[in-house]
Every structure is written in C-alpha cells, then in structure tokens.
Amino acid sequence: MPSSKPLMTASSGPLPDSVESALRTLETESGGINALAAALRGPLGETFARAVELIRNAKGRVIVTGLGKSGHMGRKIAATLASTGTPAFFVHAAEAGHGDLGMITTDDVIMALSWSGEQPEMKNLVNYSARFAIPMIAVTSNASSSLGQAADIVIELPKAREACPHNLAPTTSTLMQAAIGDALAIALLEGRGFTALEFAHFHPGGKLGAMLKFVRDYMRTGAEIPVKPLGTKMSDAVIEMSAKGLGCVCIVNEAGGIAGIITDGDLRRHINMRPDLLTMAVDDIMTRQPKTVPPSMLATEMIEVLNTRKITTLVVTEAGKVVGIVHLHDLLRAGVA
C-alpha cells in the first residue's frame, strides 16, 4: 500500500497532498521500469533478442494491435517503430474482424499487446495469425494466457503494482508497455545502423525537422558574408562588420581561403590597449585558424560546436574557401537552437 507518511522538504515543511500523490505515482511507476530492466538482464533478455531478430528479418511490416489502454500504447509503439526505420502500423484488435485483417500480409509480424492476455476481441486476429502462419509476438504479463499460448514469442512483462491506489487503473503497466516498445525500436534502429540522415527523411516538420537540416540550409552566402582580405586596415574591417550586422568579419587570403576572423569581442579587448587600433592591419588583430564547418554538416552537430566552444558565429568553408557564415540568431529564428 502507498505510504501515508508526509514527504518533507528541507525549507518548506510537508509537501501539498497533490505533490505527495504525484511522487508516489512516479515512485511506483519507476519500480515497474526497474523490474522490467531486471527481467531483461535475466531470462526475458533472450526472448527480447529473439523478438528483435524476428522483426529485423521480416520482409513486411510490424502490425501492432491492442485494446483499451494497451491499444493506445500500441499506436504509440507503431509510430515510434515507423519513425525509426521499422515499417509499422496499428490495427485495432476489435476492428480486425470487420475487414481490417485484410491489411495484414503473410510477410508481416504481429505484435499484440494485452496485459492480461485474455481479451476475447483478440480471437479473430489470433486465428488469422495461425491460419496464415503470420508470426506473432505477445507483449503480456501472463505467458500462460490464451494470447501467450498462441504467440510464437512471448515478451512477459513482470507483474507490478499500478500507481492507482486501488491497483486498477492501467498506469505502471502501460508505462512498461511503452518502455518495451521503445526498447525494441531502438534496438532495431541500432542494429541496422539507422542514421540521423535517414531519420530526417521521416521528420521534415517541426523542430526535429529543423535540426535535421544542414548547415547550408541556414548559412548566409554571397554579399551577406562579412569578409575582407589580408592587409585591410582595421577601420575598413569595422565598417564591414557593422554593415553586415553579424558581429564579426572573416579575413581571407588571396585564394579566398579563411585566414582568420575578427569579432566584436576582439575589438573590445584591443580598444583600450591599442590607441592606433583603427590604423592597424587586420593581420595583427585577427584570430587565426578560426573554427570552421562544412555546409554538409547537420544542424544538430553545428549547434553542438557552438555550445561546446561558447561562440555565436561559425565560418562555413568548402575546399578551403569561405562559402558562408552562420550566426546563432539565425538558428534561433529558425527554431533550431
């Protein structure tokens, strides 16, 4: 039974009842996840590996099915599988017997979710699986159930207490179903070497889509690049920096290759030390060998470079020549950073 002892905080005394309830829910559900992890380290691990291998070798798709809360989890699992490179879709177990069985082919694999394993609505789908020799993976807490006995592989989830104080509302159980679905999807993703570029094909919209674009999609090019050649006076470099509004100017050699960069931070550091700053050559002020990135780099990797180096601008080069520049503000406007 859940503990009735008030949870305390160091500064404010007992927590509100709603927060205590939330924490009990999370503690109970985390217990279910820990039990699932322990089971995978034991006999369940071998069964899980067989399920991954069965799906990986299937010529068709993964047909995920379920009812009630298990059905909701099934929809989520199918979506996760599909978005990570394993073709999958959801078929409602009750609708299967009203024509939706026609969606399932002999090349497919059925993954049936049922905590008890005894839903009568599953009967038509189970019979169809047996009739046409379509392999079935059961995800249930009862391997000896009707569903478990009919399945080729049974991923038996450990029995765990629901977070509901009456131990009735599916909470811990549905979280465990979602977790094992995620585990299957990621194991399959890693097993086939599914790349971020492939992931981008399935996620062209939203922030994920923006992050899976390339540096070339965000860089400024041509006349927008603040650039001056070696030997330029600092006064001219400052004018160029101000005109382009990126807080920096790229310094290039005769071949158009990047020789250095001058930022507004460099100006602030030198202004008090060098009264003749504006008459000096950029060669004496610039930071040599600035960090550059190729236009083919993923936006996610570019953001990692910006964060790691604590900089706001990156010079984009190709074959040693400056072809663009990316500023953090551009990424913020695009919803990437």
Could you order the peptides 98-105, 160-167 from most to least packed, using the average number of other C-beta atoms within 10 Å per residue? 160-167, 98-105
At 222 nm, what helix-only mean residue ellipticity would the chain give, in deg cm²/dmol to the nearest 500, using -39500 (n - 2.57) for each DSSP H run of four or more? -13000 deg cm²/dmol
Around Ala237 (Cβ within 12 Å, Cβ-to-Cβ, excluding Ala237; K/R +1, D/E -1) the net charge comes to -3
Cα gyration tensor category, rounded, prolate or oblate, for region 55-118 with a/c compared to 1.5: oblate
Yeah, the chain with a ≥ b ≥ c from its alpha-carbon gyration tensor (a/c under 1.5 is rounded, else prolate when a/b outruns b/c, oblate otherwise) is prolate
DSSP-assigned coil residues among trypsin sites (Lys or Arg not before Pro) in region 240-337, each with at most 13 further Cβ atoms within 10 Å: Lys310
Given 0.36 nm per residue, what is the gain on full extension from Asp284 to Ala38 after removing their alpha carbon distance, in nm? 82.4 nm
Output ³J(HN,Hα) for region 229-235: one whole-Hz value per residue in order, computed from phi by the Karplus curve 6.51 cos²θ - 1.76 cosθ + 1.60 with θ = phi - 60°, and x for Gly and Pro. x, 3, x, 5, 6, 4, 4
For Arg192 and Lys321, what is the calculated FRET efficiency with R₀ set at 41 Å and r taken between the beta-carbons, to the nearest 0.05? 0.65
Peptide ranges 25-32, 40-47 listed from the most packed, as the mean C-beta count within 10 angstrom indicates: 25-32, 40-47
Over region 223-337, what is the mean sequence separation of C-alpha contacts under 8 Å (at least six apart), divided by residue count, expressed as relative contact order in percent? 24 percent
In sequence order, calculated HN-Hα J values of region 291-307 (Karplus, 6.51, -1.76, 1.60; Hz; x Gly/Pro): 5, 10, 9, x, x, 8, 6, 5, 4, 4, 5, 4, 5, 4, 5, 4, 5
Cα-Cα over 26 Å, subset of Lys69/Lys159; Lys213/Lys321; Lys69/Lys123; Lys233/Lys310; Lys213/Lys233: Lys233/Lys310; Lys213/Lys233
Only bridges whose two residues both fall in region 216-337 count here: according to DSSP, what percent of them are antiparallel, nearest 5? 75 percent
Checking rank on 177-184, 296-303, with mean other Cβ inside 10 Å and highest first, the result is 177-184, 296-303
Accessible area per residue, Å², the chain with all protein chains present, probe 1.4 Å: 51 Å²
Take the solvent-accessible surface of the protein heavy atoms, probe 1.4 Å, and return the percent of it on the chain that carbon and sulfur atoms account for. 55 percent
Once you have the Cα-Cα distance between Arg274 and Leu230, take 0.36 nm times their residue separation minus that, and quote the gain in nm to one decimal. 13.9 nm
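The values are calculated or read from the model by the stated rules, or taken from the named source; none is laboratory data. Please read these numbers as outputs of a predicted model, since none were measured by experiment. Don't worry about glycine lacking a Cβ; one is built from the backbone with ideal geometry, like all the others, and counts go over all protein chains shown. Please note that ligands, DNA and RNA were not included when accessible areas were found on the heavy atoms of the full protein model with its side chains. Shrake-Rupley method; radii C 1.70, N 1.55, O 1.52, S 1.80 Å.
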